[in-house]
Amino acid sequence: MSAVTEARRPVLTIEDLTVVYEVEEPVTAVRNASFQLAAGEILGLAGESGCGKTTLAYAVNRLHKPPARIANGSIVFHDRGGEDIDLLALDDEKLRAFRWSELSMVFQGAMNALNPVTSVRAQLEDVLQEHRPKMSKHERRERAADVMRRVGVDPSRLTSYPHELSGGMRQRVMIAMAMILEPQVMIMDEPTTALDVVVQRDILREIVRLRDELGFAVIFITHDLPLLLEISDRIAVMLRGEIVELSSADEMYRNPQHEYTRKLLASFPSLSGSRGSFIRTGIDTGIDTEEARA
């Protein structure tokens with residue numbers, strides 16, 4: 001796990017973001033959420049089901065539909081060239097161009113989101129044709145093959161249809177699609193849900209490796225706090241729509257401040273101890289489990 005340094009420039013700043021569902025009795029799903037995401041950082045977003053994690057992710061990407069409404073706050077993207085882009089002010093055309101090019105998303109249950117009657121190659125190349133219309137057919141094919149290799153799938157599977165791939169391979173294809181335009185930020189909403197633990201481990205390694213190699217930032221959403229402790233630089237814990245704690249992964253593990261965070265940690269038993277004695281075991285072989293026990 002790499003540490004976030006002050007030298008890293010910010011890529012996304014969210015301040016006082018509030019999302020309301022305008023139903024008969026309005027529900028505030030996200031309340032005054034604020035955080036800044038640094039270039040190359042993995043920011044974990046943890047909390048129980050229904051706490052507002054996915055609602056927050058959709059708000060960042062402006063994917064909400066009525067009755068959801070952003071009632072307050074700001075979302076500012078800091079471009080590589082130094083320009084600050086107010087995402088809430090973008091019109092539909094500019095927002096369409098921005099999505100996937102600069103900020104992409106791997107949706108919850110994404111491995112079932114592929115078009116079942118279209119080949120993997122066609123689906124990857126469609127993204128390039130839409131957002132990079134000047135690319136030649138040969139360049140599109142080369143780029144599709146390159147991202148498949150990067151996520152650990154043989155490019156020969158580009159001719160496959162989704163039903164011919166395992167769940168883990170389909171998830172890798174969705175990650176390849178999210179990174180094919182080389183965005184600066186990727187939002188991953190429960191990207192390993194419904195996969196067995198061995199495949200989850202492999203995909204998590206790939207995500208960390210790709211982050212290290214390509215330098216994009218990640219907002220990684222899950223209810224699995226121990227998983228976030230292994231792969232994240234910082235973690236935000238949500239409870240009833242609010243971010244109740246935000247700190248480095250090491251600090252949260254060693255010295256959780258909020259009672260809810262402590263309860264989350266205590267709810268996961270270790271392999272060698274009783275309930276409440278959770279010990280980090282390490283997703284990556286580079287993590288020193290002896291140090292984690294200190």
Nearest-20 debye value, the range 42-175 charge dipole, Cβ charges on Lys, Arg, Asp, Glu: 380 debye
For the range 116-243, what is the largest minus smallest coordinate of the Cα atoms on each principal axis, given in angstrom and ordered from greatest to least? 46, 30, 27
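Please compute, over every Cα-Cα pair in the range 112-182, the percentage with a separation greater than 15 angstrom. Show your work: numbers first, answer last.
Details: 1092 of 2485 pairs.
Roughly 44 percent, once rounded to a whole number.
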Any idea which of Ala249, Thr54, Leu239 is furthest toward the positive side of the dipole for the chain, if Lys and Arg beta-carbons carry +1 and Asp and Glu beta-carbons -1? Thr54
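Kindly give the semi-axes, whole Å and largest first, of the ellipsoid equivalent to the chain, taking each as the square root of 5 times a Cα gyration tensor eigenvalue. Write down the numbers at each step before the final one.
Values: eigenvalues 179, 126, 66 Å².
Taking √(5λ) for each eigenvalue gives 30, 25, 18 Å, largest first.
Let me have the relative contact order for the chain, percent, based on Cα pairs under 8 Å that are six or more residues apart.
Numbers: 529 pairs, mean separation 69.3, N = 294.
That works out to 24 percent.
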Span from the the range 157-189 Cα centroid across to the the range 4-55 one, whole angstrom: 24 Å
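Take Phe268, Phe216 and order them by how many other Cβ atoms sit within 10 Å, fewest up front.
Fewest-to-most Cβ neighbours within 10 Å comes out as Phe268, Phe216.
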Taking Lys134 as the anchor, which aspartates and glutamates have their alpha carbon closer than 15 Å to its alpha carbon, excluding any fewer than eight residues away along the same chain? Glu125, Asp126, Glu142
Using a Gaussian network for the chain with springs between C-alpha atoms less than 10 Å apart, which of these wobbles most: Gly241, Gly73, Gly81? Gly81
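Hydropathy at least -1.0 by Kyte-Doolittle, axial extent at least 15 angstrom from the Cα trace: which helices of the chain, defined as entire DSSP H runs, fit?
Values: long enough: 120-131 (17 Å, -0.62); 137-150 (20 Å, -2.17); 167-179 (18 Å, 0.51); 197-214 (25 Å, 0.09).
Those that pass (Cα extent of 15 Å or more, hydropathy at least -1.0) are 120-131, 167-179, 197-214.
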Starting from the Cα of Lys53, draw a straight line to each of the lysines and keep only those under 23 Å, dropping any in the same chain fewer than 8 residues away. Lys65, Lys263
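At 222 nm, what value in deg cm²/dmol follows for the chain if DSSP H runs of at least 4 each add -39500 (n - 2.57) and the sum is divided by all its residues, to the nearest 500? Write out the running numbers ahead of the final one.
Details: 10 runs with 98 residues, N = 294.
Helix-only estimate at 222 nm: -9500 deg cm²/dmol.
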Please find, in a Gaussian network model of the chain (springs between Cα atoms separated by less than 10 Å), the residue of Ala57, Ala144, Ala89 whose mean-square fluctuation is greatest. Ala89
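Run through the DSSP bridge list for the chain and note the antiparallel percent, rounded to the nearest 5.
Numbers: 25 of 44 bridges.
Around 55 percent antiparallel, to the nearest 5.
Quick one: putting +1 on the C-beta of Lys and Arg, -1 on the C-beta of Asp and Glu, what dipole do you get for the range 112-182 around its Cα centre, in Debye to the nearest 20?
Numbers: 12 positive and 9 negative charges, 18 e Å.
Charge dipole of the range 112-182: 80 debye, to the nearest 20.
Each value in this text was obtained by applying a stated rule to the coordinates, not by laboratory testing. Quick caveat, the model's predicted, so the values are computed rather than measured. For neighbour counting, all protein chains shown are included, and Cβ atoms are generated from backbone atoms with ideal geometry for every residue, glycine included.
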